[in-house]
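No lab work stands behind these numbers, since they all come straight from the coordinates. Note that this is a predicted model, so its numbers are computed, not measured. Note that each Cβ is placed from the backbone with ideal geometry, even for glycine, and that neighbours are counted across all protein chains shown.
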Amino acid sequence: MSFFEARDQNQWDGFITSQPWSQFTQSWAWGEFRVSQGQMIQRLALVGPDGAWDAAALFVYYRKPLVGGYWYAPRGPVVRSIDAIVHFITALESKSLPGRALFWRIEPPVPGSQFPVSGLVRSHAYMPASTLLADLSPEEKELLAAMHEKTRYNIRIAEKHGVTVRTGSSAEDLDAFIRLNEETARRDQFRSQPSDYIRATFEFLRARGMADLRFAIRDGKIRAASFEVSYGDTVTYLYGASSNAERNFMAPYALHWDAIRSAKARGFRYYDFHGINPESASSPYYKHAWDGITRFKLGWGGERRDLAGTWELPRMPVLYRLFRLISR
C-alpha cells in the first residue's frame, strides 16, 4: 500500500464520486474553497495492493490559540470498503502533522456499527452524525407513496394555496436568501453560519456549477428557501429558511418536493436532507432541539443513516488533553 498527497483533480474527484452517496465536503472544489478562505489543506489518498485507490480524505487545518491546531476531514475519509478505514488510520499514525497540529479529526461516512474505534477519541459532531437519504431511483408516484400521509397532505395544501417554486442564482436572489435565513435564525433561536460565509460558499460553488438557490413563492413573496449543493450522485439540502408569514400554507413542503423532483430529473441518485437526530436518544449525537426538524424530514420517507460520527487521533497526548479541557 502507498499513502500520498494527491495533486490530480480528475483522479481525486473520480474516486470520490465513484463511491455511492458523494460527499461534497470531500470534493476537490471544497478544498479550493477552504484555501480561498485562508486555510491550509491536505488531500491524502491510500492506494491498495491492486493499484486502485482504497481511501481518500481532504483535511483542512484549523488554527487554535495557545495549544495549536488540528487537521479535520469533514465526512472523510471516503473509502472503497470498511477495511480501508483501518489501513487509513494506521497510515495517519505514521504521518507527520504540519502546522503545530495536535491531532487528526475524521468523520468517515460509514455506519457507526461498523466503525473501528481503537486508538481514537470521540468528539462532538461537526457534520451531522445522522442524516436522511432519499433514493431518487423510484418513480415519482412511488416516492410519494413512501412519504408519511401528513407530508403528502401538506404538499397538496401548498399546491391548493398557489405556492410556486423557482430557482435563482443572481446577487439579488442571494441577498433574499440571506435575509430570510437571518429571519429564521432569530425566530427559531439558533446560531446560523455567518451571512458572509454563506455568501462566499454560494458564490464559490455556484461558479463551479455546484450550488443552487430555490424559493417557494406565494403572492409574489418568498415564503421558504433552500441552498442546495450538487456533487457526484447527490444533491444536498445544505441550508433552509422560511418566512414568519403564512406558515399555514406549507411552503417548505412545496420547496422540498420541487427539489426532489428536480434532482431526479437531472439524473441524481440521492437527495440528502443533511442532518437529523440518531435513531437512539441515548446516542451522544442526539439533540433534543432537533426533534422537530427530524420529524419533518422523516416524513419524506428515505433511509435514515446513523454514521460513525466524529473521532480524533491524538498525536501529542499532554497538549491534546489541554486542548480538550479548554474546548470543554
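What does the charge add up to near H256, with Lys and Arg as +1, Asp and Glu as -1, over the other residues with Cβ less than 10 Å from its Cβ?
Details: positive: R214, R261, K297; negative: D258.
Here the charged neighbours net out to +2.
Can you give the helix-only mean residue ellipticity at 222 nm for the chain, where every DSSP H stretch with n ≥ 4 adds -39500 (n - 2.57) and the sum goes over all residues, rounded to the nearest 500 deg cm²/dmol? It would help to have the intermediate numbers written out before the result.
Details: 10 runs with 113 residues, N = 328.
Taken over the chain, the calculation gives -10500 deg cm²/dmol.
Considering the dipole of segment 131-306 built from charges on the beta carbon (Lys and Arg +1, Asp and Glu -1) around the Cα centre, which of M147, G220, L136 is farthest to its positive end? Working it through, the farthest residue towards the positive pole turns out to be G220.
Based on the alpha-carbon gyration tensor of segment 174-220, what equivalent-ellipsoid semi-axes (square roots of 5 times the eigenvalues) come out, in whole Å, largest first?
Values: eigenvalues 80, 53, 11 Å².
Output for segment 174-220: semi-axes of 20, 16, 7 Å.
Each Lys or Arg adds one and each Asp or Glu takes one away; over the other residues whose Cβ falls under 12 Å from the Cβ of S36, this sums to 0.
In terms of the ratio Rg/(2.2 N^0.38 Å) built on C-alpha atoms, what value belongs to the chain? The partial results should precede the final answer.
Numbers: Rg = 20.4 Å, N = 328, 2.2 N^0.38 = 19.9 Å.
Here the Cα radius of gyration is 1.03 times the empirical estimate.
Answer with one residue from S169, F323, I16: the one whose Cα lies farthest towards the positive end of the charge dipole of the chain, charges on Cβ with Lys, Arg +1 and Asp, Glu -1. Among S169, F323, I16, the one farthest towards the positive end of the dipole of the chain is F323.
Pick out which of A225, A265, A55 has the largest mean-square fluctuation in a Gaussian network model of the chain, springs linking Cα atoms closer than 10 Å. So, out of A225, A265, A55, the one fluctuating most is A265. Dividing the convex hull volume of the alpha carbon atoms of segment 131-306 by its residue count gives 120 Å³ per residue.
Averaging 1/r over each pair of different alpha-carbon atoms in segment 239-328 and inverting the result gives 16.6 Å, the Kirkwood hydrodynamic radius.
Suppose every K and R has +1 on its Cβ and every D and E has -1 on its Cβ; what is the size of the dipole of segment 249-318 about the Cα centre, in Debye to the nearest 20?
Numbers: 10 positive and 7 negative charges, 52 e Å.
Using Cβ point charges on Lys, Arg, Asp and Glu, segment 249-318 gives about 260 debye.
Summary of the geometry: segment 71-114 and segment 138-201, compared by the centres of their Cα atoms, lie 33 Å apart. What the pair-distance distribution of segment 1-103 shows, using all Cα-Cα distances binned every 5 Å from zero, is 2, 13, 25, 24, 20, 11, 4, 1, 0 percent. Taken about its Cα centre, segment 131-306 carries a charge dipole of about 300 debye when Lys and Arg each add +1 at the Cβ and Asp and Glu each add -1 at the Cβ.
How large is the Kirkwood hydrodynamic radius of segment 198-242, counting all unique pairs of alpha carbons, in Å? In segment 198-242 this quantity evaluates to 11.2 Å. The string of couplings for segment 212-221 from the Karplus curve (6.51, -1.76, 1.60, θ = phi - 60°) is 9, 10, 9, 10, 9, 10, 9, 6, x, 10 Hz, one whole number per residue in order, with x for Gly and Pro.
For the chain, modelled as a GNM whose springs connect Cα atoms under 10 angstrom apart, the maximal fluctuation among D50, D83, D258 occurs at D50. Quick one: net charge of D196's neighbours, Cβ under 14 Å, K/R +1, D/E -1? Computed value for this residue: -1.
Applied to segment 308-314, the Karplus parametrisation 6.51 cos²θ - 1.76 cosθ + 1.60 on θ = phi - 60° returns per-residue 3J(HN,Hα) values of 5, x, 10, 9, 10, 10, x Hz, with x for Gly and Pro. Largest GNM mean-square fluctuation across R187, R304, R206, computed for the chain with C-alpha springs under 10 Å, falls on R187.
Residue order for V86, V163, V235, fewest other beta carbons within 10 angstrom first, comes to V86, V163, V235. Relative contact order, whole percent, for segment 131-306 stands at 35, derived from Cα pairs under 8 Å and 6 or more residues apart.
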